[in-house]
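Reviewing the structure listed below.
The values are calculated or read from the model by the stated rules, or taken from the named source; none is laboratory data. This is a predicted model, so every value here is computed, not measured. Note: ideal-geometry Cβ built from the backbone for every residue, glycine included; neighbour counts use all protein chains shown.
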Amino acid sequence: MSELSQLLLDPENSLETKDDFFEINALYLEKGWGDGLPLIPPTEQRVAAMLEYCDRPWNEPIAKIAPRYGEATPLRLAANAVMAGCKPEYFPLIVLAVEAMCEESFNLYGIQATTHICAPLVIVNGPVVKQLGMNSGHNAFGPGTHSNATIGRAIRLILLNIGGAVPGLGDMSTFGGPNKYSFCVAENEEANPWEPLHVERGFPKDSSCVTVIGAECPHNVNDHESISGQGILKTIAGSMISTGANDIYYPDATPLIVMGPEHAASIANDGFSKKSVKQFLTDHAKIPLGTFSTENIERRFRVAFASVFKNAGLDEPVPMIHHADNIVIAVIGGAGKHSAVFPTFGATKAVTRALKTKNGDYVKFIEKIKK
């Protein structure tokens with residue numbers, strides 16, 4: 001008997017049903033397992049193929065996923081990856097993203113249980129992007145690419161089925177959003193005039209990494225007229241200004257700015273580094289205190305930020321970004337004079353992790369970490 005067959009003898013790890021796609025899906029819907037879309041049945045054969053890309057003990061949790069704090073064993077992760085339609089070679093990235101989301105600073109409990117519209121966004125960097133055929137160009141956040149779509153969906157199923165983020169129970173989001181179906185993308189490193197995101201965050205260029213961010217859906221920035229980097233940045237700063245954004249209330253928030261390649265090239269060609277871009281946005285993304293409602297001014301700004309706003313006039317500028325270094329910048333997308341602003345949950349920090357082998361070496365190719 002195989003190792004997996006022995007694990008599946010435990011009734012907590014398996015369920016016997018008829019081999020009928022529609023009956024199986026009806027059962028899953030009845031039990032609340034899934035995102036409402038059809039699921040691939042996680043048979044022993046399919047789960048075994050997924051676990052071939054796992055170098056961990058299959059029944060030992062790698063993390064506990066909030067808000068239920070369910071144990072994320074590789075076996076359970078693999079079952080959800082199968083249900084999402086993933087290829088087995090995607091599995092290491094899924095495990096890595098789960099580990100990153102469960103770091104304390106990410107605040108997965110808050111992101112999962114909040115009434116806010118955020119969801120964990122996964123940005124992938126490094127050689128694994130080409131190897132898995134991930135989309136970093138046109139329509140990168142949209143449909144059409146198997147790896148982006150199914151890796152993102154697997155993570156959502158894991159958050160639902162293991163973490164307990166069931167709408168109206170563990171997930172109290174007022175609206176929800178399409179970012180709660182699949183939210184996974186790769187950075188367009190070839191079109192990036194600066195260092196890639198994972199390099200900026202301290203990892204070797206040839207390492208494969210994920211960065212997770214508790215983000216809203218993209219808010220488009222349309223600027224077809226500016227011909228200077230400064231002009232484009234002023235437009236982006238203006239797009240960041242919002243009286244209803246969570247980030248404004250959290251000094252350690254890490255808002256995400258995604259620049260299309262054309263905007264990024266124009267900005268870099270005018271001599272802006274990533275650091276100077278962040279400082280420009282911090283300096284210009286400000287809004288007068290009087291723009292906020294009287295209640296917000298009196299009950300929040302004059303209380304939570306009393307050192308600055310207790311006696312401030314209504315013309316006092318309120319910064320959308322409290323620390324320039326906290327801004328996350330990625331270059332994603334295809335041709336077109338667009339960028340995007342991603343407000344976040346606010347009470348969360350972006351987390352980056354790299355694929356590594358058991359002995360701690362960075363992984364350049366997925367085949368190297370097959371079981």
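Quick notes
- Single condition Phe272 does not satisfy, out of (1) surrounded by fewer than 18 Cβ atoms within 10 Å (Cβ to Cβ); (2) part of a loop (DSSP other than H, G, I, E, B): (1)
- Failed condition for Gly360, given (1) at pLDDT below 95; (2) loosely packed, with under 13 Cβ neighbours inside 10 Å; (3) touching an Asp or Glu at 6+ places or on another chain (Cβ under 8 Å): (3)
- Selection from the stretch 285-307 of residues that are among the aliphatic types (A, V, I, L, M), surrounded by fewer than 16 Cβ atoms within 10 Å (Cβ to Cβ) and either farther than 22 Å from Pro255 by Cα or in contact with a Cys (Cβ under 8 Å, 6 or more places away or on another chain) (or both): Val303, Ala306
- Number of positions in the stretch 199-234 that are surrounded by 16 or more Cβ atoms within 10 Å (Cβ to Cβ), closer than 19 Å to Leu281 by Cα and of a type in the set (Ser, Thr, Tyr): 1
- Residues in the stretch 28-55 that are over 15 Å from Ile158 (Cβ atoms) and either charged (D, E, K, R) or touching a Ser or Thr at 6+ places or on another chain (Cβ under 7 Å) (or both) were compared, and the one that is surrounded by the fewest Cβ atoms within 10 Å (Cβ to Cβ) is Glu30.
- The lone criterion from (1) free of Cβ contacts under 8 Å to residues at least 60 places away in the same chain; (2) part of a strand (DSSP E or B) left unmet by Val185 is number (1).
- Matching option when the condition is free of Cβ contacts under 8 Å to residues at least 12 places away in the same chain and of a type outside the set (Lys, Arg), among Ala312, Ala306, Ala350, Ala264: Ala306
- Options Asn80, Asn25; residue that is closer than 24 Å to Gly168 by Cβ, under 21 Å from the mean Cα position of the chain (by Cα) and crowded, with 16+ Cβ neighbours inside 10 Å: Asn80
- Thr282 vs. criteria at pLDDT 95 or above, touching a Leu at 6+ places or on another chain (Cβ under 9 Å) and surrounded by 15 or more Cβ atoms within 10 Å (Cβ to Cβ): no
- Within the stretch 232-250, the only residue that satisfies the criterion of being touching a Gly at 6+ places or on another chain (Cβ under 7 Å) and outside any helix (DSSP H, G or I) is Tyr250.
- Residue identified as more than 12 Å from the chain's Cα centre (by Cα) and modelled with pLDDT under 95 among Leu157, Leu132, Leu169: Leu169
- Tally, over the stretch 251-269, of residues that are buried (at least 19 other Cβ atoms within 10 Å of the Cβ) and assigned to a loop (DSSP other than H, G, I, E, B): 4
- Matching residues, the stretch 135-154, being under 16 Å from the mean Cα position of the chain (by Cα) and under 19 Å from Val341 (Cβ atoms): Ser136, Ala140, Phe141, Gly142
- Residue in the stretch 285-307 that is within 30 Å of Pro143 (Cβ to Cβ) and either among the hydrophobic types (A, V, I, L, M, F, W, C) or in a helix (DSSP H, G or I) (or both) present: no
- For the stretch 96-112, the criterion of a residue being touching a strand residue (DSSP E or B) at 6+ places or on another chain (Cβ under 6 Å), crowded, with 20+ Cβ neighbours inside 10 Å and more than 13 Å from Gly214 (Cα to Cα) is satisfied by at least one position.
- Against the list (1) within 20 Å of His219 (Cα to Cα); (2) surrounded by fewer than 24 Cβ atoms within 10 Å (Cβ to Cβ), the condition Val166 fails is (1).
- Selection from the stretch 106-129 of residues that are polar (S, T, N, Q) and under 15 Å from the mean Cα position of the chain (by Cα): Asn107, Gln112, Asn125
- The listed residue being within 18 Å of the chain's Cα centre (by Cα) and in a loop (DSSP other than H, G, I, E, B), out of Gly202, Gly176: Gly176
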